[in-house]
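What follows is a single structure, written as structure tokens, with notes after it.
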Amino acid sequence: MSEGFWGSEWFRLILGLVIVLAFSQLNALFLVWLERKVSGHIQLRPGPMEVGPHGLLQTIADGVKLIGKELILPLQADKKLFFLAPVLVFTPVLVGFLVLPFGPGLVIHDMNVGVLLVFAFSTITVLAILTGGWASNNKYALLGAVRSVAQNVAYEIPLLLAVMSVVLMVHSLSFSQIVESQKTVWFIFIQPLAALIYLIAATAETNRAPFDIPEAESELVAGFHTEYSGMGFGLFFLAEYTNMFIVCAVATSLFLGGWNGLFGISLGIPGVCWFLLKTYFLIFVIMWVRWTFPRVRFDQLMNFSWKVMIPLSLANLVITAIVVKII
Amino acid sequence: MDTSGLNFILQAAFWVTVALTIAGASIAVFPRNILYNVLGLALALTGIAGFYLYLGSLFVAMMQLLIYVGAICIAIVFAIMLSRPLHIEVPPRPARKVWMGILASVVFFIGAVGVALKTKWQVAAGHVYEASKWSVQSIGDALLTRYELVFEVISLVLLVAIIGAVITAGFSRRLSS
């Protein structure tokens, strides 16, 4: 730590941010391709095949096309907020990467309140969606934004309650310590209900089907980003896929043992590989769900959160607290 | 390691945070567009989270962000959704409301400045970031021992708010049906 700039925490932060920026783009490119492949195979068709081997370069071609497109500003839109929204939607995503533990010691900045940091910043996404939807001055966009706010408020509560039951067991808000304490048994075996609630709420938080009512294409054209073209739309898209990676990585650290192997058996596979393997498996599950289940109706969505998920997660938290105190 | 550069960065960050907070607060008050007001409020509250960070408590800063930006601002957005459509011309502010608002904020301002002047400020020894005094554990301890009464009074206020919300919603529903 004492060899000047190159060994300092600042250098670590800057290097980390550069890697994160590069990784989030590559990850989003890969996930978009994966999404199209998964949907293709689920619908008994091959998906993109033309560009590159098995269509692997298709998203790069699409990305280049998006960059080349004109940014269209609607006539009646609020110019400042319209361009602020795509920038705002990407900041919480970058902050989330700061504390994710990819492997033992392989974290950009290990904080003792890492779990809080991810969820505190994830709320900014809602504000960004609201800003974008409202600034577009378009009925569909505004409706999508309003739905997004209602949905995120409803699903943030069970999400945090499910996370809190894990935090109660570890007595720590640091990701590294939470992963460390799952060395032998993953928390999904001790807290299956919390894990399930987390996964459902996280799907809703990232606006993925079956909870994609903020952008329901058959009702709202494209929801909150209806008016965005070119990279304005591209940034929303990028943020959605990077967000998906973050919620799955958080789920991996909280419930699937992070960099630890199953029951302490690592099979000689390095921790980073375990971590990425589990994260991408969860992402695959979320995609699988999207192409399998139909979209829920708005009242079903609200009722399910307020009447089922919140009471269940509260009960889970209370029982966890009692058990932790007794044992 | 030379710390003067770091100190300069910290000072600059502090004043940028001050500027952001004041800018956010004025956006929250002056424009007549209610969505600008909410976003300004969010900016001001984020700036305050920055102050907590500067004071050495990451935990309080994160809670500030989670509760005030994440919950309070979103709750205000809910209130906006239930209010008049945004494209309708807003009526001029009634003078009585403006004066009452000014009165309330002047009283609060005098109180806050009075407390700030009366307190004997001590310069924190050592680096600000090493203040582990405000960790999660010590805040929890203080809340349930020294500030127990304040804690309970706040929960009472929340209880009153919940009962009020239930009664208001119940009455209006009965009236409309």
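Brief remarks follow.
- Treating r as the C-beta distance of B:Ile34 and A:Thr184 and R0 as 41 Å, the FRET efficiency rounds to 0.15.
- The separation of segment A:80-148 from segment A:178-245, counted between C-alpha centres, amounts to 12 Å.
- Distance in nm between pseudo-label sites at A:Phe281 and B:Ala142 (7 Å out along the Cβ direction from Cα): 4.4 nm
- Radius 15 Å from Cβ of A:Gly257, net charge of other residues (Lys, Arg +1; Asp, Glu -1): +1
- Of A:Pro214, A:Pro101, A:Pro48, the one that fluctuates the most in a GNM where chain A has Cα springs shorter than 10 Å: A:Pro48
- Averaged over the residues of B:37-47, the number of partner chain Cβ atoms lying within 10 Å of the residue Cβ comes to 2.
- Cross-link reach list, aspartates and glutamates versus A:Lys69, counting only Cα pairs under 18 Å and skipping chain neighbours closer than eight places: A:Glu227
- For chain A, the membrane-span-like helix rule (DSSP H, alpha carbon extent of at least 20 Å along the helix axis, mean Kyte-Doolittle at least -0.5) picks out A:9-42, A:79-97, A:114-135, A:139-170, A:230-255, A:271-290, A:310-326; this says nothing about an actual membrane.
- Extension gain, B:Val113 to B:Leu55, is 19.0 nm, computed as 0.36 nm per intervening residue step minus the present C-alpha separation.
- Both radii were evaluated on the Cα set of the protein assembly as shown; the Rg over Rh quotient, with Rh as the Kirkwood radius, amounts to 0.96.
- The residue list A:Ile157, A:Leu81, A:Thr131 was ranked by how far each Cα lies along the charge dipole of chain A toward its positive end, using unit charges on Cβ atoms, and A:Ile157 comes out on top.
- Shape summary of segment A:72-326, radius of gyration then Dmax from alpha carbon positions: 18.7, 64 Å.
- Rounded to the nearest 500, the 222 nm mean residue ellipticity of chain A from helices alone is -22000 deg cm²/dmol, with -39,500 (n - 2.57) taken per DSSP H run of at least 4 residues.
- Once the Cβ-Cβ distance of B:Leu6 and A:Arg45 is raised to the sixth power relative to R0 = 60 Å, the FRET efficiency obtained is 0.55.
- Where labels lie 7 Å past Cα in the beta-carbon direction, separation of A:Gln300 and A:Phe30 in nm: 3.4 nm
Each value in this text was obtained by applying a stated rule to the coordinates, not by laboratory testing. Source: prediction; values computed, not measured. Methodologically, a virtual Cβ is constructed for each residue, glycine included, from the backbone with ideal geometry; neighbour enumeration extends over all protein chains shown.
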